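One structure below.
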Amino acid sequence: MSAATSTGNAPQPLYSGKAKSLYPYDEKHYRMVFRDDLTAFDAVKKATMKGKGFYNSQIAATLLPVVEKAGVPTHFVKLLSDTEHLVRKVRIVRLEVLVRNIAAGSIVKNYGFAEGTVFKKPIVMFDLKEDKFHDPLLNEDIAEALGVSNADEMARLRAMALKVNTALRGYLEPRGLLLPDFKLEFGYDLEGKLILADEISADTCRFWDAKSKRSLDKDVFRFDKGDVLATYKEAFERITGKKAA
Ligand code: 5GP
């Protein structure tokens, strides 16, 4: 997210990212707004689709409590409206934690796995959160040299990410969904506790229909695989159990 500039009388976000904006709320919380924007390939491809913010907000508001119940604390407190989350203030750790169960996306492109290969055990990877360098892969030494993280913290992040993976798979599998991979972000809350931040949604996860292996996530936008909004709607309905209006 980048710092926002102040214009006009409309409330200005503290930060505005590619699909969400963060506004002040109170001493301990922010208001996180899910917008209708979609981006891919480091924001080279962009679109706006009415309703997309609603679907992702609802998916995240369903999955974050699943993770919390499984013992991984998160920044999510409650929905303030259909597209707004009340979240705890955190200081973000400047890396992304990726968990992969099935080969798709960059692990296919960069390492030559056949798409759809089921890994014997989940693969955890760390990327630097920096679009201008295309989120390069990190190891403990590079992370420490950059002042982004260190081996102890990365070991804790890995353990938390694997717990999130087990919780999400346990929730999604009975709903006929596979979880090939996903991205997590973490931060320190005001008490100095390491917690899960950001979102868990169709923008940050790959969801596949278990039978057909059809994508129900942002890959439909990335790779022009079909009707993007209908895809987010189906992901919303299957994950939340609610019917879209
Ligand atoms: P890949 O490495 O294949 O591009 O992504 C692996 C998984 O992490 C996918 O589910 C993808 O959506 C998610 N992911 C990786 N990097 C990012 C990112 O910078 N932003 C978002 N929203 N998701 C990401």
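Among the residues of the range 167-203, the ones that are under 16 Å from the mean Cα position of the chain (by Cα) and in a helix (DSSP H, G or I) come to 4 in all. Using the structure shown, decide if Pro11 is under 24 Å from Arg156 (Cβ atoms) and surrounded by fewer than 19 Cβ atoms within 10 Å (Cβ to Cβ). No; evaluated as a whole, the condition is false for this residue.
Restricting Thr62, Thr39 to residues that are part of a helix (DSSP H, G or I) and either surrounded by 13 or more Cβ atoms within 10 Å (Cβ to Cβ) or in contact (Cβ under 8 Å) with a residue 24 or more places away in the chain (or both) narrows the list to Thr62. Every condition in (1) within 15 Å of the ligand (Cβ to nearest atom); (2) under 20 Å from Ile123 (Cα atoms); (3) without any contact (Cβ under 8 Å) to a residue 60 or more places away in the chain; (4) not in a strand (DSSP E or B) is met by Val164 except one, and the failing one is (3). You will find that of Val99, Val124, Val118, the residue that is closer than 22 Å to Lys20 by Cβ and of a type in the set (A, V, I, L, M, F, W, C) is Val99 and no other. Residues that are in contact (Cβ under 8 Å) with a residue 12 or more places away in the chain, assigned to a loop (DSSP other than H, G, I, E, B) and open to solvent by 60 Å² or more (accessible area, probe 1.4 Å) within the range 71-123 comprise Asp82, Arg94, Glu115, listed in sequence order. When Asn110 is tested against the conditions (1) near the ligand (Cβ under 10 Å from one of its atoms); (2) closer than 30 Å to Glu27 by Cα; (3) out of contact with any helix residue (DSSP H, G or I) (no Cβ under 9 Å at 6 or more places or on another chain), the lone failure is (2).
Among Leu172, Leu216, which is within 25 Å of Val77 (Cβ to Cβ) and open to solvent by less than 20 Å² (accessible area, probe 1.4 Å)? The conditions single out Leu172. Taken over the range 42-59, the criterion of being surrounded by 19 or more Cβ atoms within 10 Å (Cβ to Cβ) and either assigned to a loop (DSSP other than H, G, I, E, B) or not aliphatic (A, V, I, L, M) (or both) is satisfied by Lys52, Gly53, Phe54, Tyr55, Asn56, Ser57, Gln58.
In this structure, is Arg222 in contact (Cβ under 8 Å) with a residue 60 or more places away in the chain, open to solvent by 20 Å² or more (accessible area, probe 1.4 Å), away from the ligand (no atom under 14 Å from the Cβ) and in contact with a Lys or Arg (Cβ under 8 Å, 6 or more places away or on another chain)?
Numbers: in contact (Cβ under 8 Å) with a residue 60 or more places away in the chain: yes; open to solvent by 20 Å² or more (accessible area, probe 1.4 Å): yes; away from the ligand (no atom under 14 Å from the Cβ): no; in contact with a Lys or Arg (Cβ under 8 Å, 6 or more places away or on another chain): yes.
Criteria not met by Arg222.
For the range 136-156, the count of residues that are within 13 Å of the ligand (Cβ to nearest atom), assigned to a loop (DSSP other than H, G, I, E, B) and over 22 Å from Gln58 (Cα atoms) is at least one.
The values are calculated or read from the model by the stated rules, or taken from the named source; none is laboratory data. This structure is a prediction, so every number in the text was calculated from the model and none was measured. Note that each Cβ is placed from the backbone with ideal geometry, even for glycine, and that neighbours are counted across all protein chains shown. The area values use the complete protein model at the heavy-atom level, side chains included, leaving out ligands, DNA and RNA. Shrake-Rupley method; radii C 1.70, N 1.55, O 1.52, S 1.80 Å.
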